[in-house]
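The values are calculated or read from the model by the stated rules, or taken from the named source; none is laboratory data. Everything numeric in this text was worked out from a predicted model, so none of it was measured. Because the Cβ atoms are built from the backbone with ideal geometry, glycine has one as well, and the counts that use them run over all protein chains shown. Surface accessibility is based on the protein's heavy atoms, side chains included, excluding ligands, DNA and RNA. Shrake-Rupley method; radii C 1.70, N 1.55, O 1.52, S 1.80 Å.
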Amino acid sequence: MWAVGDLTGVGAFTHVSMYQANIAVADILGQDLTRADYRALPRVTFSDPEAGSVGLTEAAAKERGLRVSVGTSQVPTSVRGWIHKAGNEGFIKLVADADRDVLVGATSVGPTGGEVLGMLTLAVHAQTPIGVLRSMIYAYPTFHRAVEDALRHLPSG
């Protein structure tokens, strides 16, 4: 038996249904099966500003007993936020497991909050070490550079 979509209770998002459908189809066709992994489930609300998050919130990470470190940045103080001017409200918040030194959650609010969330989803899903994220080159002047700013404010493990 397969279940896809809202009735699974995992998340009422089209992208979750598409993800689940791909897994169900692979199983039905007898293909190699990748089990569902929801620890990096992205959530986006297309409001103004866009608000997106992935993985655990700070509170949820603490409830799971993780030693949490948090880094934030404000979009208006980033170069791209300054260039954008009006409507540049927003922030980036990174939630890390300080013991493993990996992101376990992130929030991106701003003019392209849903788009910036893509790289954060990859980082949470792949359990990318914070040191790797800090050593990346971030294109200038993009909203993604606010992630780099948040990393500077994230205490080291």
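Here are the numbers:
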{"quantity": "Given (1) in contact with a Lys or Arg (Cβ under 7 Å, 6 or more places away or on another chain); (2) among the charged types (D, E, K, R); (3) open to solvent by 80 Å² or more (accessible area, probe 1.4 Å), number of the condition R64 does not satisfy", "calculated": "(1)"}
{"quantity": "Pairs with Cβ under 6 Å, 6+ apart, first in the range 55-77 and more than 22 Å from E148 (Cβ to Cβ), second open to solvent by 50 Å² or more (accessible area, probe 1.4 Å) and outside any helix (DSSP H, G or I)", "calculated": "R67/D99"}
{"quantity": "Options V95, V70, V79, V75: the member that is at pLDDT below 95, in contact with a strand residue (DSSP E or B) (Cβ under 9 Å, 6 or more places away or on another chain) and open to solvent by less than 70 Å² (accessible area, probe 1.4 Å)", "calculated": "V75"}
{"quantity": "Residues of the range 1-48 classified as under 16 Å from L120 (Cβ atoms) and buried (at least 16 other Cβ atoms within 10 Å of the Cβ), total", "calculated": "5"}
{"quantity": "Identity of the residue in the range 122-149, open to solvent by 40 Å² or more (accessible area, probe 1.4 Å) and hydrophobic (A, V, I, L, M, F, W, C), that ends up nearest to W82 (Cα to Cα)", "calculated": "A139"}
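Results for (1) without any contact (Cβ under 8 Å) to a residue 12 or more places away in the chain; (2) assigned to a loop (DSSP other than H, G, I, E, B), shown as yes or no for each residue.
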{"position": "G81", "(1), (2)": "no, no"}
{"position": "N88", "(1), (2)": "no, yes"}
{"position": "A106", "(1), (2)": "no, no"}
{"position": "V116", "(1), (2)": "no, no"}
{"position": "H125", "(1), (2)": "no, no"}
{"position": "G131", "(1), (2)": "no, no"}
{"position": "A139", "(1), (2)": "yes, yes"}
